[in-house]
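Undergrad: Can you keep this structure in mind? I'll have questions shortly.
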């Protein structure tokens, strides 16, 4: 008759289990630290005081812009971006020049900055094909006033056109 022996964990076995366990934990922590360091930082402003002053200035400009009673139209289709402004009477405002910045809500990998050129009818346009998905568009247009027309919109693009 053979005697059955139960395996005994020795000090060596326990040491090996502890080393492997802590090795896994350290490897996961290092991996997460590398991913955190190479992804978007979340950094928004360099100086919060200056950003606050800038916010106040932009708020005043926005109130003056709203008081005009003007409206705007943005179109993204057929590989082009078109932006126009109409006054309170519905007449097109002749825009001289402008820019449009497109960025994704959660990443800066596809950010684009366009220079908009005058087009017939007073609008501004530029060739640009957007990939499908959500975008934040920031437009600045010279409409002849002291402060430029500023507008920020969140849009969705599907099949190359704004929806």
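Undergrad: Give the number of residues within the range 105-163 that are touching a residue at least 24 places away in the same chain (Cβ under 8 Å), under 26 Å from residue 39 (Cβ atoms) and not in a strand (DSSP E or B).
TA: Number satisfying all stated conditions: 7.
Undergrad: Next question. Specify the residue that is farthest from residue 142 (Cα to Cα); the eligible residues are those in the range 79-90 that are without any contact (Cβ under 8 Å) to a residue 60 or more places away in the chain and surrounded by 11 or more Cβ atoms within 10 Å (Cβ to Cβ). If you could, list the steps in order and put the result at the bottom.
TA: The initial filter retains those residues of the range 79-90 that are without any contact (Cβ under 8 Å) to a residue 60 or more places away in the chain, namely 80-84, 86-90.
Retained after the next criterion (residues that are surrounded by 11 or more Cβ atoms within 10 Å (Cβ to Cβ)): 80-84, 86-87.
On the way: 80: 19, 81: 16, 82: 14, 83: 12, 84: 11, 86: 13, 87: 14 Å.
Restricting to residues being without any contact (Cβ under 8 Å) to a residue 60 or more places away in the chain and surrounded by 11 or more Cβ atoms within 10 Å (Cβ to Cβ), the top hit is 80.
Undergrad: With (1) assigned to a helix (DSSP H, G or I); (2) farther than 23 Å from residue 111 by Cβ; (3) under 27 Å from the mean Cα position of the chain (by Cα) as the list, and residue 51 as the residue in question, which single condition is left unmet?
TA: Failed condition: (2).
Undergrad: Filtering the range 54-78 down to residues that are surrounded by 11 or more Cβ atoms within 10 Å (Cβ to Cβ) and part of a loop (DSSP other than H, G, I, E, B), which residue is farthest from the chain's Cα centre (by Cα)?
TA: 68
Undergrad: Given the conditions (1) touching a strand residue (DSSP E or B) at 6+ places or on another chain (Cβ under 7 Å); (2) closer than 22 Å to residue 131 by Cα, report the number of the one that residue 97 does not fulfil.
TA: (2)
Undergrad: So which of 51, 100 ends up being over 19 Å from residue 121 (Cα atoms) and surrounded by 11 or more Cβ atoms within 10 Å (Cβ to Cβ)? Full working, then the answer.
TA: On the way: 100 fails: over 19 Å from residue 121 (Cα atoms).
Residue meeting the stated conditions: 51.
Computed from the coordinates by the stated procedures, all read-outs in this text should not be read as laboratory data. It should be emphasised that the depicted structure is a prediction, and the values quoted were computed from it without experimental measurement. Cβ: placed from backbone, ideal geometry, glycine included. Neighbour counts: every protein chain shown.
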